[in-house]
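**Q** Got a structure here, written out as structure tokens. Questions coming.
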Amino acid sequence: MRKAIRWLLSLVVLIGTVGVGGASAGAATAAEPKSKDIKDRILAIPGMSLIEEKPVDGYRYFVLNYTQPIDHRHPAKGTFQQRLTLLHKSVDRPTVFFTSGYNVSTTASRSEPTKIIDGNQVSLEYRYFTPSRPTPTDWKKLDIQQAASDQHRLFKALHRIYDRNWIATGGSKGGMTATYYRRFFPHDMDGTVAYVAPNDVRNDEDSAYDKFFATVGTAQCRADLAAIEREALVRREEMVDRFRKWAEKEGKTFTTVGSADRAYEVMVTDLVFGFWQYQPAETACPQVPAPTVSTDALWAWMDEVGGFASYTDQGMAPYTPYYYQAGTQLGEPGYGYPQLSDLLKYPGINNSRTFVPKDIPMRFDARAMPDIDRWVRHHANKMMFVNGQYDPWSSEHFELGRGARDSYLFTVPGGNHGSNIAKLKEADRTKATAELLEWAGLPAPANGKATPQAPYDKKLDKQEIRRMPLLRP
């Protein structure tokens, strides 16, 4: 009986501190602080703590921790600290809920929707990306519904202060995250803008990628890329030797992948993907090296396109949570490279299992992505998907069905993984901007021209494209 009483008291204390789901984390019942200073109001939320406040012109900018359950289904089983940032404009402005799907940056910046609606921005670190990782780490609690529940709890906690309209957004894995959040909590947000978000409905069916690489860009550019990829493997011995020596000098290792040789082969098979993902085709295609290029020039080009450091333990370890999710729910791209087949020593090595330490078990859930896909096709409401024509990740993108309402699919002509609303054709750009302003609860522009409401700020609005190899969207 005493054990039962102690367990019950522990549960009451935990729920009072962190809450769960629609219980609003105890924040909805917290008394308003006497001070009206925004920092005091935020820190009055149970479970919220300040890491630091940084000066930002025109805003208050806070780096915070928020106490979250490790398992939202069983909140009594422990908590962890989840890092977030808050760019505060005014409680009278709408708010953007941003996530990259990875670590949160603690340098202030504005996402494109934040600039367009001139609002506040809450940026949340994805669970299990350090330092937002429980210790000990139960990897089974890293799934899309738990992550969506993190967002839901934080939204409920902050909505009492920021009670105007909210817009969810993110690019790449962040766009996927924003979409999954709407699927599990469809009524939290007033709109969603998902940039370059892949939608791998069936992980074992990736013919869309083969079609993409067979038709993207010009025939000359595709041929040049195929030739230099092959040359990179023809010169494997000298390039791997150089890779190994570079790694020793830089203190890099290859324990997870297994060797510098294995890591090098993965990098080479990634090159064409990385090229189209990040390089501006118009200027980058003429710069693809010829097979006769010097070893120094080959190394420099490969480092620019793929990044040798990304294929070491130190480059991969920060992204273990992503690789784990790719191999358990999200799926990952698979495509052929017949021009390399006779030179490969480790066929099939380029997959998420290679990049996750072997002591972390992985089992794929084939139901997760079809569920998301069905929901978007039949229930999407006030959702916008922006893709790039030349972005490999857009090969498998979200589609809108008959059940979708007030939702849109846009494509940037010639756009890569940095595609956004500003790069759309004028008509699409105007339409997308007008819809976003409406979702944010803002009046239509008096002059009839839908443009961003906040002026450009070179410190806050510099677009940052996260540089990642193939398996990281």
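The values are calculated or read from the model by the stated rules, or taken from the named source; none is laboratory data. As the structure is a prediction and not an experimental result, all values here were calculated from the model. Every residue, glycine as well, gets a Cβ built from its backbone with ideal geometry; the counts of neighbours run over all protein chains shown. The area values use the complete protein model at the heavy-atom level, side chains included, leaving out ligands, DNA and RNA. Shrake-Rupley method; radii C 1.70, N 1.55, O 1.52, S 1.80 Å.
**Q** As an exercise: evaluate Ser100 against (1) under 16 Å from the mean Cα position of the chain (by Cα); (2) part of a helix (DSSP H, G or I) and give the number of the one condition it does not meet.
**A** (2)
**Q** With the checklist (1) surrounded by fewer than 19 Cβ atoms within 10 Å (Cβ to Cβ); (2) within 18 Å of the chain's Cα centre (by Cα); (3) closer than 29 Å to Asn203 by Cα in hand, flag the one item Asn416 doesn't pass.
**A** Single failed check for Asn416: (1).
**Q** Can I ask one more? Scanning for something open to solvent by 30 Å² or more (accessible area, probe 1.4 Å), of a type in the set (S, T, N, Q) and over 30 Å from Glu399 (Cβ atoms), does region 339-346 turn up at least one residue?
**A** Taking every residue of region 339-346 in turn, at least one turns out to be open to solvent by 30 Å² or more (accessible area, probe 1.4 Å), of a type in the set (S, T, N, Q) and over 30 Å from Glu399 (Cβ atoms).
**Q** While we're looking at this one, here's another question. When you go through Ile360, Ile372 one by one, which is the residue that is open to solvent by less than 30 Å² (accessible area, probe 1.4 Å), in contact (Cβ under 8 Å) with a residue 60 or more places away in the chain and assigned to a loop (DSSP other than H, G, I, E, B)?
**A** Ile360
**Q** Filter region 211-220 for residues that are surrounded by fewer than 18 Cβ atoms within 10 Å (Cβ to Cβ) and of a type outside the set (Gly, Ala, Ser); which is farthest from Pro333 (Cα to Cα)?
**A** Only one residue tops the list, namely Gln220.
**Q** Any idea which of Lys449, Lys458, Lys462 is within 30 Å of Ala284 (Cβ to Cβ), open to solvent by 50 Å² or more (accessible area, probe 1.4 Å), part of a loop (DSSP other than H, G, I, E, B) and without any contact (Cβ under 8 Å) to a residue 24 or more places away in the chain?
**A** Step by step, each of Lys449, Lys458, Lys462 is checked, and only Lys458 is within 30 Å of Ala284 (Cβ to Cβ), open to solvent by 50 Å² or more (accessible area, probe 1.4 Å), part of a loop (DSSP other than H, G, I, E, B) and without any contact (Cβ under 8 Å) to a residue 24 or more places away in the chain.
**Q** Please work out which one of (1) among the hydrophobic types (A, V, I, L, M, F, W, C); (2) out of contact with any Asp or Glu (no Cβ under 9 Å at 6 or more places or on another chain); (3) open to solvent by 20 Å² or more (accessible area, probe 1.4 Å) is the condition Ala366 fails and give its number.
**A** Looking at each condition in turn, Ala366 falls short on (2).
Results for (1) touching a Phe, Trp or Tyr at 6+ places or on another chain (Cβ under 8 Å); (2) open to solvent by less than 20 Å² (accessible area, probe 1.4 Å); (3) modelled with pLDDT of 95 or more, shown as yes or no for each residue.
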site: Asp40; (1), (2), (3): no, no, yes
site: Tyr59; (1), (2), (3): no, no, yes
site: Asn65; (1), (2), (3): no, no, yes
site: Phe80; (1), (2), (3): no, yes, yes
site: Thr85; (1), (2), (3): yes, yes, yes
site: Val96; (1), (2), (3): yes, yes, yes
site: Thr99; (1), (2), (3): yes, yes, yes
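**Q** Quick one: is Lys423 open to solvent by 30 Å² or more (accessible area, probe 1.4 Å), basic (Lys, Arg) and either closer than 28 Å to Ala219 by Cβ or touching a residue at least 60 places away in the same chain (Cβ under 8 Å) (or both)?
**A** yes
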